[in-house]
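Report on one structure; see the data block that follows.
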Amino acid sequence: MPDPTPQVTLTIDGHAVTVPKGTLIVEAAKLIGVEIPVFCYHHKLDPVGACRLCLVELSPGPPRAQTACTTPVAEGMTVRVTSPMAVKSRADILEFELTNHPLDCPVCDKGGECPLQDFTYRHGYPVSRVQEPRLHFAKPLPISDRIALDRERCVLCYRCTRYYDEVAWEQELTTNQRGVQSYIATQFDQPLQSVFSGNIIDLCPVGALTSRVWRFQSRPWDMDHTASVCSRCAVGCNVNLWERRGELMRVTARENVEIDDGWICDRGRFEYTHVNSPERLAQPRVQRRPAAWEEALSRIAAAIKGRGPRLGLSIPADITNEEAFLLARLLNGPLRGARVVMPGRTSLPGPPANQLAIKDLDGCRTIVVVSADVRADAPIVNLRVKKAVAKSGARLLTVNPELIDFDRHPGVEHVAYEPGHAAAAVRKLFDHPLLQEGPVGILYGDSAGAEDGAAIATAVAWLAKEIGAKVMPLYRATNERGVLALGILNGDSLDGCEYVFTWGQALAGGVPKGVRFLACWDDFARPYHDRAQVVIPAVTFAEDQGSYTNLEGRVQFLVPPLQPKPPLRQGWEVLQDLGLALGLGSDYLGIFQVQRDAAAAYPALAALAVPPAPAPPPAPVAMGAARP
């Protein structure tokens, strides 16, 4: 079948390139490794041509440089990036950009990964001709508890304000004053409240917006980064974990167009400082005294073996697939009959057959959101829905008892229902006008536990079958879908259990009364640990090795940037030794063997049989003329 998109052939600095019609010149240049510098342009935002740094010479065309970020390609077009006119034009623009820019490079957190530094070196004049005094502003301004604004460094590219308007649908940033006096400000000088605010740090091409959490902690060249997966929710956003001297320094987005589209939420970006806390548990304790791992695990094994339904296990939201597989082996053997709960998860049942992939939201004609505040349950899916509405013209129907953030958009239709009657409201949608034309995607949750998840899933499955839709259950816990695939969850409460083993933070109601034995596996001390006979330390997401299954069923590998500091041990190692103490033989010498057996035992984990591919090396870029 021929490609329906017409192709256009043009020449850029003597190199012929063929691209789809409508492609911008700046994107066409990337395909052949030619750098056209940009500040205001970003491939996820609408082009505005505000900074004028991407000037190139075009023919046929007017006898002046044109912006490559707003000009689409044309058949037979000739683009000259390194012509004298283009080189001088970009150098002149850089000189204007630097007119009021302070020499903060030695203390700026953007130093070492700053496009303004790089472009000035490669495209700017070697000596500044500006002698006039620079504009000054109070700095830095804490525009939230996590982000600082330095107005002197700002080049007014408007990436941050456009991101809020186009991507997040939240009006928290604006521009005050006019002309040379213009500056970025928060609306009515109020602090940022968005759960997506941290993305403006990555978007900012200079050091105007920086992280207060990472402020003055390290330099980019001091750190090593590891490609991994976020552990804060079930979306499975791809991230880079930055490490320096055995400490986790920061978390940044790593674009995966099929999942996160290059964005992460503030939970994933900023909630990592506990990894470096000196208050973390570091050694097993038995009866409040330090003990060896062998003694601690032997005590636990002796107390929980063969207890059947009198034993209650609480597992963490971010348990890995490998840990869940080893736990399942114990539950099928010496711990058979135990009650297993996962605090913070939804009441939704296992995944459906007609699963809607996150990337397929872009192609939906209509999107239905049922009983879910997507911004809280699956934040980046929230942005993906907004993208489908804003960029692809998707129609959005929200079915909730109260208005949610989607309903601020003028084109969104809201269907309200009485709390507790979500399933009935779903069944009434059968003949809704918006559902008569597909493809239709249905996203559903359990209203933060207020609705019967099983009843909603049944109603959604019926509606999807009737109208030919695909569905996406919005699980909340990080690896909830992976654990459901293994079938080890069988309860919502540990009430009535006499023997309790809590892994991670316990249930919101605390440890049940009347417990005869309590063992805790955690990374921090908690008040109820005083009641525990055994406490063993746990590793964090930055030290654990394994994989997560995200809410669409995609298995992704968790790659730790840090090694556990002895006597800390990874979760799968602890579970294997606990199995040995319980009399369950195991000969796993490494996690790859665990993954192999898990893939063979559970079809949903088949991806574990293939180890992750190494990251490809960065592609070289032809920088063009270094000086005008």
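Counting DSSP beta bridges with both partners in the range 285-440, what percentage is antiparallel, nearest 5?
On the way: 2 of 14 bridges.
Here the share of antiparallel DSSP bridges comes out near 15 percent.
Tell me the relative contact order for the range 387-439 as a rounded percent, counting alpha carbon contacts under 8 Å between residues six or more apart. Spell out each step's value before the answer.
Details: 44 pairs, mean separation 15.6, N = 53.
Across the range 387-439, relative contact order equals 29 percent.
How high is the relative contact order of the range 242-322, given as a whole-number percent (alpha carbon pairs under 8 Å, six or more residues apart)? Before the final figure, lay out the partial values.
Working: 46 pairs, mean separation 12.6, N = 81.
It rounds to 16 percent for the range 242-322.
Would you grab the residues whose amide H sits under 5 Å from the one on Leu173? Only those 5+ places off in sequence or on another chain, please, with H modelled 1.01 Å from N.
Result for Leu173 returns Gln187.
What relative contact order, as a whole-number percentage, does the chain give when Cα pairs under 8 Å and 6 or more residues apart are counted? Intermediate results must be reported in sequence, preceding the final value.
On the way: 1286 pairs, mean separation 89.3, N = 628.
Normalised by residue count, the contact order of the chain is 14 percent.
For the ranges 302-311, 402-411, 498-507, 190-199, what's the packing order if you count other beta-carbon atoms within 10 Å of each residue, average per peptide, and put the highest first?
Output ranking for 302-311, 402-411, 498-507, 190-199: 498-507, 190-199, 302-311, 402-411.
Can you tell me what percent of all Cα-Cα pairs in the range 88-206 are more than 22 Å apart? Please report the intermediate quantities before stating the final value.
Working: 2579 of 7021 pairs.
Looking at the range 88-206, the distances longer than 22 Å represent 37 percent of pairs.
Give me a comma-separated list of calculated 3J(HN,Hα) values for the range 506-511, in order, Karplus coefficients 6.51, -1.76, 1.60 applied at θ = phi - 60°, integers in Hz, x for any Gly or Pro.
6, 4, 4, x, x, 6
Set the Förster radius R0 to 22 Å, insert the Cβ-Cβ distance between Gln190 and Ala450 as r into 1/(1 + (r/R0)^6), and round the FRET efficiency to 0.05.
Details: r = 30 Å, r/R0 = 1.36.
E between Gln190 and Ala450, to the nearest 0.05, is 0.15.
Report the local net charge at Gly514: Lys and Arg +1, Asp and Glu -1, summed over other residues whose C-beta lies under 12 Å from its C-beta.
On the way: positive: Arg310, Lys513, Arg516, Arg531; negative: Asp495, Glu498.
Computed value for this residue: +2.
So what J values fall out for the range 446-451 if you push phi through Karplus, 6.51 cos²θ - 1.76 cosθ + 1.60 with θ = phi - 60°, rounded to Hz, Gly and Pro as x?
So the J values, rounded to whole Hz, are 10, 6, 6, x, 7, 10.
Does anyone have the angle between helix 379-392 and the longest principal axis of the chain? Alpha-carbon axes, 0 to 90°, nearest 10?
40 degrees
Please report the orientation-averaged projected area of the chain, defined via the convex hull of its C-alpha atoms, in nm².
Numbers: hull surface 125.9 nm².
Dividing the Cα hull surface by four gives the mean projection, 31.5 nm².
May I ask you to list the lysines whose Cα is less than 21 Å away from that of Lys513, ignoring any residue fewer than eight positions away on the same chain?
Of all the lysines, those that pass the test against Lys513 - Cα under 21 Å, at least 8 places apart if same chain - are Lys305.
For the range 1-94, which GluC sites (Glu not before Pro) are in a loop by DSSP, counting at most 11 other Cβ atoms within 10 Å?
Numbers: sites: Glu27, Glu35, Glu57, Glu75; in loops: Glu35, Glu75.
Counting only loop positions with at most 11 other Cβ atoms within 10 Å, the GluC sites (Glu not before Pro) in the range 1-94 are Glu75.
Could you pull the Cα extents of the range 341-387 along its three principal axes, largest to smallest, in whole Å?
Taking the Cα atoms of the range 341-387, the three principal extents are 37, 25, 17 Å.
Report in % the part of the accessible area of the chain that belongs to carbon and sulfur, leaving out ligands and nucleic acids; probe 1.4 Å. Provide the component values of the computation, followed by the final result.
On the way: 14580 of 27200 Å².
Carbon plus sulfur share of accessible area: 54 percent.
Can you give me the C-alpha center-to-center distance between the range 494-524 and the range 400-423, rounded to a whole angstrom?
Value for the Cα centre distance between the two parts: 37 Å.
What is the set of long-range amide H partners of Cys237 at a cut-off below 5 Å, with H atoms built 1.01 Å from backbone N?
Those lying under 5 Å, H to H, from Cys237 are Cys230.
If you add up the charges near Val81, with Lys and Arg at +1 and Asp and Glu at -1, over every other residue whose beta carbon is less than 11 angstrom from its beta carbon, what do you get? Mind showing how you got there, number by number?
Working: positive: Arg80, Arg90; negative: Asp13, Glu35, Glu57.
Its environment carries a net charge of -1.
What are the residues whose amide H is under 5 Å from the amide H of Val155, where those residues sit 5 or more places off or on another chain and H is modelled from the backbone?
Amide H neighbours of Val155, under 5 Å, 5+ apart: none.
How much length is gained on full extension from Thr9 to Thr458, taking 0.36 nm per residue of separation minus their Cα-Cα distance? Show your work: numbers first, answer last.
Numbers: separation 449, 0.36 × 449 = 161.64 nm, distance 5.18 nm.
My answer for the length gained is 156.5 nm.
Output ³J(HN,Hα) for the range 601-610: one whole-Hz value per residue in order, computed from phi by the Karplus curve 6.51 cos²θ - 1.76 cosθ + 1.60 with θ = phi - 60°, and x for Gly and Pro.
3J(HN,Hα) across the range 601-610, in whole Hz: 7, 10, x, 5, 10, 4, 5, 5, 6, 10.
What pairs from Lys110/Lys359; Lys21/Lys391; Lys391/Lys470 go past 28 Å between their alpha carbons? Please report the intermediate quantities before stating the final value.
On the way: Lys110/Lys359 32 Å; Lys21/Lys391 18 Å; Lys391/Lys470 21 Å.
In this structure, Lys110/Lys359 exceed 28 Å between Cα atoms.
With every protein chain present, what is the per residue accessible area of the chain (1.4 Å probe, Å²)?
Details: 27200 Å² over 628 residues.
Value for the chain: 43 Å² per residue.
With all distinct Cα pairs included, what does the Kirkwood hydrodynamic radius of the range 163-235 come out to in Å, to one decimal, could you say?
On the way: mean 1/r = 0.0667 Å⁻¹.
When all Cα pairs of the range 163-235 are included, the Kirkwood radius is 15.0 Å.
Please work out whether the range 227-303 counts as rounded, prolate or oblate from its C-alpha gyration tensor, where a ≥ b ≥ c are the square roots of the eigenvalues and a/c under 1.5 means rounded, while otherwise a/b larger than b/c means prolate and anything else oblate?
Working: a/c = 3.53, a/b = 2.23, b/c = 1.59.
It is prolate, given that a/c is not under 1.5 and a/b is the larger ratio.
The values are calculated or read from the model by the stated rules, or taken from the named source; none is laboratory data. No experiment lies behind these values; they were computed from the predicted model shown. Heads up, the Cβs are rebuilt from the backbone with ideal geometry, glycines too, and the neighbour counts pull from every protein chain shown. For the accessible areas, the whole protein counts, side chains as well, though only heavy atoms, and no ligand, DNA or RNA atoms are used. Shrake-Rupley method; radii C 1.70, N 1.55, O 1.52, S 1.80 Å.
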